[in-house]
Amino acid sequence: MTPFRSTRLGAAAAATALAAVFALCGPVTARAEPAAAPAAAPAAGTDWLHTDGNRIVDENGDPVWLTGVNWFGFNATERVFHGLWSANLDTLTGQMAQRGINLVRVPISTQLLLEWKNGQAAVSSAVNTWANPELKDKNTLQVFDAFLATARKYGIKVMLDVHSAEADNSGHIHPVWWKGAITTEQFYTAWEWVTDRYKDDDTLVAMDIKNEPHGKPSESPRAKWDGSTDPDNFKYACQTAGRRILAVNPKVLILCEGIEVYPKDGTNWTSTSPTDYDSVWWGGNLRGAAQHPVDLGAQQDQLVYSPHDYGPLVYQQPWFQGDWNRTTLERDVWDPNWLYLHKNNTAPLLIGEWGGFLDNGPNEKWLKALRDLIVENRISQTFWCLNPNSGDTGGLLGYDWATWDEAKYALLKPALWQENGKFVSLDHEVPLGGTGSTTGISLSDLYGTG
């Protein structure tokens with residue numbers, strides 16, 4: 001059985017809610033828009049980030065801690081955040097900031113980026129304009145721009161993640177970054193275009209090159225990691241995309257995830273036998289980075305490795321058998337697959353996905369173990385997820401998209417950046433929560449203005 005999150009979008013309540021919305025509003029309006037104008041340029045940015053050993057730092061060299069959440073939907077057929085069919089964009093963004101989320105990872109598709117690039121942005125019927133009157137008649141690109149402006153207002157930074165090649169609610173299941181009409185070159189071109197559009201906006205501080213490359217040894221296509229320039233070598237694809245992005249904006253962070261399997265010592269990629277490989281979660285295997293590190297050239301200090309990790313309710317991995325605990329997880333799974341990069345001071349980590357249901361049992365035991373590792377090592381992370389309609393993890397919100405799961409939030413809260421009882425923004429001027437926030441501070445509040 002393949003260890004992936006089976007649906008993420010498959011819960012019955014979400015389907016019911018969507019059916020009601022689409023019955024009311026009809027399908028996405030596929031009218032072409034004029035070619036996208038450049039985004040309005042904000043004031044010159046001072047919030048760009050880079051790395052120093054295993055830390056992420058600001059332009060002054062002060063350490064920062066990226067602690068956030070995933071909010072999906074732009075990657076799916078709706079082409080906008082899920083939840084906008086009932087919830088207000090400003091309200092949800094403000095709530096995230098007030099509760100300490102300083103980074104939002106936004107899954108998107110290469111297909112949608114290319115539609116934007118080609119002036120084909122459409123108006124999505126998945127936006128309830130009664131709940132979001134400010135989004136009335138806005139196409140999907142304009143909704144994304146509205147989100148960036150809202151995030152900026154509340155001191156939240158944003159990371160883009162190419163979650164899938166096609167705009168598909170199950171697109172993450174496809175193992176590689178090309179599919180159908182979407183070629184690898186288009187994948188690179190889409191990244192260059194979106195980077196150029198927002199190169200002067202330090203709200204968008206990070207690019208997660210591709211979500212969860214994976215595939216087993218006998219599968220085709222599948223993602224591998226080695227020193228070649230082969231089409232299925234994700235190390236090469238991530239490196240190439242990263243360099244092309246940095247040629248446009250040398251200050252944005254480049255996140256490279258892992259793959260699924262890696263050959264054991266004495267074997268190589270020609271083997272199709274599962275026993276010749278170490279296997280872990282999709283996107284979670286960074287063993288290859290030891291021998292074949294991603295090379296970003298002059299901008300090597302923009303590189304962050306980004307594994308994913310999940311618990312036994314998502315898939316009963318071998319390491320969840322028998323008597324396991326945080327010590328065994330760290331020794332047998334986290335250290336050999338990705339934590340070594342942090343411990344060896346090679347590069348920072350940002351755990352791009354982790355999360356799940358609270359079960360008063362094994363899954364909660366895993367959640368607390370990983371949470372404690374994150375806190376003790378100040379590893380950056382984006383929790384999966386804000387959305388309630390992730391079928392095998394649930395989310396921080398209930399199905400009304402208004403009520404927060406306070407127990408799950410309480411589990412996450414220690415892994416959100418706090419100093420002296422206040423949540424810390426990644427913005428030097430805007431406190432987390434916006435001007436006048438009582439729950440957050442800015443980087444200048446914390447470190448001063450020097």
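Among the residues making up the stretch 88-127, those that are in a helix (DSSP H, G or I) and within 20 Å of GLY434 (Cβ to Cβ) are LEU89, ASP90, THR91, LEU92, THR93, GLY94, GLN95, MET96, ALA97, GLN98. Residues of the stretch 379-404 that are in contact with a Pro (Cβ under 8 Å, 6 or more places away or on another chain) and open to solvent by 30 Å² or more (accessible area, probe 1.4 Å): TYR399 alone. Residues in the stretch 213-263 that are within 17 Å of ASP295 (Cβ to Cβ), touching a helix residue (DSSP H, G or I) at 6+ places or on another chain (Cβ under 6 Å) and in a loop (DSSP other than H, G, I, E, B): TRP225, THR229, PRO250. Filtering the stretch 414-450 to residues that are under 26 Å from the mean Cα position of the chain (by Cα) and on the phi > 0 side of the Ramachandran plot leaves GLY433, GLY434. Among the residues of the stretch 277-294, those identified as outside any loop (DSSP other than H, G, I, E, B), open to solvent by less than 40 Å² (accessible area, probe 1.4 Å) and within 16 Å of GLY215 (Cβ to Cβ) are TYR277, ASN285, GLY288.
Counting only residues that are out of contact with any helix residue (DSSP H, G or I) (no Cβ under 6 Å at 6 or more places or on another chain) and either surrounded by fewer than 12 Cβ atoms within 10 Å (Cβ to Cβ) or part of a helix (DSSP H, G or I) (or both), how many does the stretch 317-328 have? Of the residues in the stretch 317-328, 8 are out of contact with any helix residue (DSSP H, G or I) (no Cβ under 6 Å at 6 or more places or on another chain) and either surrounded by fewer than 12 Cβ atoms within 10 Å (Cβ to Cβ) or part of a helix (DSSP H, G or I) (or both).
Residues checked against (1) open to solvent by less than 20 Å² (accessible area, probe 1.4 Å); (2) in contact with a Phe, Trp or Tyr (Cβ under 7 Å, 6 or more places away or on another chain); (3) in a loop (DSSP other than H, G, I, E, B):
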{"residue": "THR129", "(1), (2), (3)": "no, no, yes"}
{"residue": "GLU134", "(1), (2), (3)": "no, no, no"}
{"residue": "ASP137", "(1), (2), (3)": "no, no, yes"}
{"residue": "LEU148", "(1), (2), (3)": "yes, no, no"}
{"residue": "MET159", "(1), (2), (3)": "yes, no, no"}
{"residue": "GLU166", "(1), (2), (3)": "no, no, yes"}
{"residue": "ASN169", "(1), (2), (3)": "no, no, yes"}
{"residue": "TRP177", "(1), (2), (3)": "yes, yes, yes"}
{"residue": "THR189", "(1), (2), (3)": "no, no, no"}
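Give the stretch 193-205 a look and list any residue that's of a type outside the set (Phe, Trp, Tyr) and open to solvent by less than 50 Å² (accessible area, probe 1.4 Å), or say none. Across the stretch 193-205, the qualifying residues are VAL194, THR195, ARG197, ASP201, ASP202, THR203, LEU204, VAL205.
The values are calculated or read from the model by the stated rules, or taken from the named source; none is laboratory data. None of the values given here were measured: they were computed from a predicted structure. Every residue, glycine among them, receives a Cβ derived from its backbone with ideal geometry; neighbour counts consider all protein chains shown. Accessible surface areas use protein heavy atoms only, side chains included; no ligands, DNA or RNA. Shrake-Rupley method; radii C 1.70, N 1.55, O 1.52, S 1.80 Å.
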